Amino acid sequence: MTDRLSELTAKGVAVWLDDLSRVRLSTGGLDQLRREKHVAGVTTNPTIFAKALSDADEYNWQLRDLAMRGVDVEEAVRMLTTYDVRWACDVMRPSYDGSAGVDGRVSIEVDPRLAHESERTVAEAKALWWLVDRPNLFIKIPATEAGLPAITATLAEGISVNVTLIFGLDRYSAVMDAFLAGLEQAKANGHDLSTIGSVASFFVSRVDSQVDKRLEKIGSDQAKALRGKAAIANAQLAYERYGQVFSSDRWQALADAGAHPQRPLWASTSTKNPDYRDVIYVEELIAPGTVNTMPESVIHAYADHGETRDDTITGSYDAARQVFADLESVGVDMADVIATLEREGVEKFETSWQQLIDGVRKSLKAAATGKGSPNAAAKGNAKAAEQAGGNA
């Protein structure tokens, strides 16, 4: 029987799961995906945590303890989420050890309300690093303008970083520069570079969703023919820039000191348009040294009918640039697309975070009064968070 996910892994694509819950941990579901579906990492976000909290009675004992202690809601959120992430880090530890620290990583996001505050983002990143206290943790920091110096400063502390919400090529280049600067400072600070990891989460399907909406509005046959092409072209050109940076002399000096490259991670890889193949954002983004983080449904879909070809990115750069030229010719302003996606991305996660806080507040109140199941109190907020954050 064909093991398509094993074939994908052999092509240099690390399969990561874009989901986490205490049920998945307590039932052994995450470990099963690690062992049977080649899952080598985990990503989370506020929407995922809000849904997890509302779905499981496994959180009730901790909610009751937190309510008994009288902790405020912000601390309660951190205690609940870091508990799950610490557990997931332990589950993924074999992948971490087996890959010399490259894979087996689990990501937790800084408070998205801090996306435009560099120093507070760094302080939050350090606090999460201390709380989880596992070497295979990633701290997720958004690639906003204020996020760039925070990425450098966090890496300089020896803390591994997953840079999230990257949509555009120029911002991706700035992220890679921030990464290199962070490692250079970490080296100067005496940190072992071989222990510091990083990925750059480049969002995919949301680009098509935004561009396709604009193409539909334009309405010409030429415009409609470009639907479903922007996201893959964008990611392909990002990989071209990755190759340029990580073949440079500046990078080689860090590699000689033991550093691992910052791998591009394809995020938002579930297909939003039912007219598109459900695994298109996996099949068309196969290249060495990449990560593809997928919802479990996409993992199973690829295992069932994914087509693993040789490198589907390298060599596509001229065709990708032509897609961008064609988009411009029909009136799609890609700079505005990218700016809109970044703004909406931050806003969606801010909204999801607030819904998570509101849900935990209700759960703490229910736990304190003994009226009803604590997690049931959060269900309405989780649904709202899922709608606000959307499927990444």
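The candidates 16, 61, arranged from most to least accessible area with a 1.4 Å probe in the full protein assembly, appear as 61, 16. The calculated 222 nm mean residue ellipticity attributable to helices in the chain amounts to -18000 deg cm²/dmol, summing -39500 (n - 2.57) over DSSP H runs of n ≥ 4 and dividing by all residues.
Ratio of Rg to Rh for the range 1-111: 1.04 [Cα atoms; Kirkwood radius as inverse mean 1/r over pairs]. Accessible surface of residue 344, taken over heavy atoms with a 1.4 Å probe and every protein chain present, rounds to 60 Å². Extension gain for residue 10 to residue 123 (0.36 nm times residue separation, less C-alpha to C-alpha distance): 36.9 nm. Counting 0.36 nm for each residue step from residue 240 to residue 277 and taking away their Cα separation leaves a gain of 10.9 nm.
Accessible surface computed residue by residue for the chain, with neighbouring protein chains in place and a 1.4 Å probe, gives 39 Å² per residue. Using R0 = 41 Å, the C-beta based FRET efficiency linking residue 304 and residue 192 works out to 0.50. A straight chain from residue 318 to residue 27 at 0.36 nm per residue would run longer than the Cα-Cα distance by 100.0 nm. Each Cα pair under 8 Å and six or more residues apart adds its separation to the average, and for the chain the resulting relative contact order is 23 percent. If only the Cβ of Lys and Arg carry +1 and only the Cβ of Asp and Glu carry -1, the dipole of the range 19-96 around its Cα centre is close to 260 debye. Check the straight Cα-Cα distances from residue 37 and name the lysines below 16 Å, setting aside those fewer than 8 residues away within the same chain. Cross-link targets: 11.
For a straight C-alpha distance cut-off of 27 angstrom, the lysines reachable from residue 365 (same-chain residues fewer than eight places away being disregarded) are 51, 348, 379, 383.
The values are calculated or read from the model by the stated rules, or taken from the named source; none is laboratory data. Owing to the predicted nature of the structure, the values given are computational and were not obtained by experimental measurement. All Cβ positions, glycine included, derive from the backbone under ideal geometry; neighbour counts span all protein chains shown. All accessible areas refer to the heavy atoms of the entire protein, side chains included, with ligands and DNA or RNA removed. Shrake-Rupley method; radii C 1.70, N 1.55, O 1.52, S 1.80 Å.
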